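Chemist: I have a structure I would like to understand better, so I am pasting it below and will then ask my questions one at a time.
The values are calculated or read from the model by the stated rules, or taken from the named source; none is laboratory data. Since this is a predicted model, take the numbers as computed values, not measurements. Positions of Cβ are generated from backbone atoms using ideal geometry, with glycine treated the same way; all protein chains shown enter the neighbour counts.
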Amino acid sequence: MRKTTKMRTLLLLPTALLFHAASADEAAAPVNLCVEVYELQQAHAFSLQRILTEGTAAQRLRAMEVLRSNERPEGTRIIAIGQCAWKAGERGQFSSGRELIYPSLFDPSPDGIPIPSAFEMRLVGTRAEFELTRGESPDALLLTSSVRTVELASRLANPADDARQPVFVESEVTTTAELTTGVPRLLGMHAPHPDLRGANAVLRVVVATLVGAVADTMPPPTSDACIEVWELPQPAAATFKNLFEAAPASERADVLNKLRTSATLIACGHRALRPGLQSSAGSLKEYAHPKRFETSGAGVHIPTEFETTKLGCQMPVTIKTEGMLVLQCGFKEIVRLSPAKDDTYSSDAQGDVVPAVFNRVDIRADTKFEPRVPQMIGAYLPHPTGKNVRMIFATVFR
């Protein structure tokens, strides 16, 4: 029976402490794993993606040294760094954050002021769960991991005069990848929800390293997949589609790079893949909207119960390698059409509150890929009456 162990955590400490030699107690543990999460400007993130998927061990190490130093690119933010020691075959975890307690149910009072009647607690921060098993080579280990970050997108209203809920954004990278001692491995990359990044074109990368001397051999080739969703006006989308499809396979990556400098990034999810295992990467906004109302003695509609809808893009991916790379992708997006803002309710002509309205998109693709050759796997209108088109591209790295 496997053990489940909570590990000691070193989070958001100077990286010199994280990468010094292990203590005597730590030296007894055969495995020492470091997980790092960074936020970078979009161009720097795609450059790092290329190095960590195609570069040599020396190039990968140098790229991570730059991130950990004062030479890191301008605008880079450290989201979380955690290192812990444990034995292969055990499950480990680390977390860092604060516990946010907020009212989740309300009762109306005679004067129309909502009275909290129940509370919930949410950890706002980063939590990583992982398990290591022996890989195909002596220096490699197979890492199954889930790295989840929860952030508060909007502040709480004052329960004394309002019953609106806090809005959380949850970002997660779930994957299985083979790691070699001393060589950084890109586990995933994703775009933070627009509520968190605002007008900034940024991406977040999740990197894992088995701390120790660099192994003499690199792990066997593995496949990574990156799904990107870009928005642009309909005429420009039609022009780009024709340009992309007319380009030879050797030039499609360059054509996609041009789109990255002119279109608006909606979602991006890069993840390491193992054949037959599903992986995911993305960022979803948890929108709590009223499910039930009661009318107070003053005639005020008071929301007394809420339900949560996750807004954004979900992109689970599975890869098969039977003779040729085949990517199975399930793309889902939920967009709120009304109310226009998180902190408002929609009303009808009589002043009664009406339910929130959502637009749902569901696209499934099962496509053959050549390594490093992007393909367009779908396009859609995010709003039924909108003038913009969202285009979905996928690239498989091997």
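Chemist: Considering each of 324, 376 in turn, give the residue that is of a type in the set (A, V, I, L, M, F, W, C) and either surrounded by 14 or more Cβ atoms within 10 Å (Cβ to Cβ) or at pLDDT 85 or above (or both). Before the answer, list the steps.
Modeler: Working: 324 fails: either surrounded by 14 or more Cβ atoms within 10 Å (Cβ to Cβ) or at pLDDT 85 or above (or both).
The match here is 376.
Chemist: Looking at residue 301 and the list (1) out of contact with any Lys or Arg (no Cβ under 6 Å at 6 or more places or on another chain); (2) modelled with pLDDT of 85 or more, which single condition is not satisfied?
Modeler: Looking at each condition in turn, residue 301 falls short on (2).
Chemist: Quick check on segment 38-59. Is at least one of its residues within 25 Å of the chain's Cα centre (by Cα) and farther than 24 Å from residue 223 by Cα?
Modeler: Checking segment 38-59: at least one residue is within 25 Å of the chain's Cα centre (by Cα) and farther than 24 Å from residue 223 by Cα.
Chemist: May I ask you to list the residues in segment 62-84 that are farther than 16 Å from residue 36 by Cβ and touching a residue at least 40 places away in the same chain (Cβ under 8 Å)?
Modeler: Result: 75, single match.
Chemist: Residue 243 versus (1) of a type in the set (A, V, I, L, M); (2) more than 18 Å from the chain's Cα centre (by Cα); (3) in a strand (DSSP E or B): which is the lone unmet condition?
Modeler: (3)
Chemist: Pick out the one residue from 100, 61 that is in contact with a Leu (Cβ under 8 Å, 6 or more places away or on another chain) and surrounded by 15 or more Cβ atoms within 10 Å (Cβ to Cβ).
Modeler: Values: 61 fails: in contact with a Leu (Cβ under 8 Å, 6 or more places away or on another chain).
Selected residue: 100, the only one of 100, 61 that is in contact with a Leu (Cβ under 8 Å, 6 or more places away or on another chain) and surrounded by 15 or more Cβ atoms within 10 Å (Cβ to Cβ).
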